[in-house]
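Below is one structure, written out as structure tokens; the observations come after it.
The values are calculated or read from the model by the stated rules, or taken from the named source; none is laboratory data. Since we're looking at a predicted model, the values are computed, not measured. Here Cβ is always computed from backbone atoms with ideal geometry, including for glycine, and neighbour counts include all displayed protein chains.
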Amino acid sequence: MKIIEIKNKIEKILDNNKAQSITSINLENKSYIADYMIIASGTSSRHLQSLSEILVAELKKLGLENCRIEGKDSNDWKLVDAQDVIVHMFHPEKREFYDLEKMWSEEIPKEKAMI
């Protein structure tokens, strides 16, 4: 499965499970950690937990076995590492505080990419 297909499947899974304000950021020329970052909001800590668990389960059905959840003990944030796509799920207030969209919106020359 191509990376763009994985990204699109993740967006669809999040949307189908009522994630809010789903945003994708192309990390080309910005970072070596992944090709895409997807940021979404959940309505509660329970919703964030459910979104992360459903996403990992659905990705496993698609053959992505090595996906994992970070932030299991956090009520405000979850991260799903889906190999070349990183998915951040926040409570809306935490999302606004960290503002990852702004942080990753600038073009960074590849030779200066740190991560």
Look through the stretch 67-83, keep the residues that are among the charged types (D, E, K, R) and in contact with a strand residue (DSSP E or B) (Cβ under 7 Å, 6 or more places away or on another chain), and return whichever of them is farthest from residue 30 (Cα to Cα).
76
Hey, does the stretch 89-106 have a residue that's modelled with pLDDT of 95 or more, under 23 Å from residue 1 (Cβ atoms) and either among the hydrophobic types (A, V, I, L, M, F, W, C) or surrounded by 14 or more Cβ atoms within 10 Å (Cβ to Cβ) (or both)?
yes
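Yes or no, residue by residue, for (1) surrounded by fewer than 19 Cβ atoms within 10 Å (Cβ to Cβ); (2) among the hydrophobic types (A, V, I, L, M, F, W, C); (3) more than 19 Å from residue 95 (Cα to Cα):
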{"residue": "14", "(1), (2), (3)": "no, yes, no"}
{"residue": "24", "(1), (2), (3)": "yes, no, no"}
{"residue": "31", "(1), (2), (3)": "yes, no, yes"}
{"residue": "62", "(1), (2), (3)": "yes, yes, yes"}
{"residue": "65", "(1), (2), (3)": "yes, no, yes"}
Being on the phi < 0 side of the Ramachandran plot, modelled with pLDDT of 95 or more, part of a loop (DSSP other than H, G, I, E, B) and surrounded by fewer than 17 Cβ atoms within 10 Å (Cβ to Cβ): is that true of residue 43 here?
yes
Is the stretch 31-38 home to any residue that is touching a residue at least 12 places away in the same chain (Cβ under 8 Å), touching a Leu at 6+ places or on another chain (Cβ under 6 Å) and part of a helix (DSSP H, G or I)?
no
Using beta carbons and a limit of 8 Å, which pairs, at least six apart or on different chains, have the first residue in the stretch 63-86 and basic (Lys, Arg) and the second one in a strand (DSSP E or B)?
68/80; 68/81; 72/78; 78/69; 78/70; 78/88; 78/89
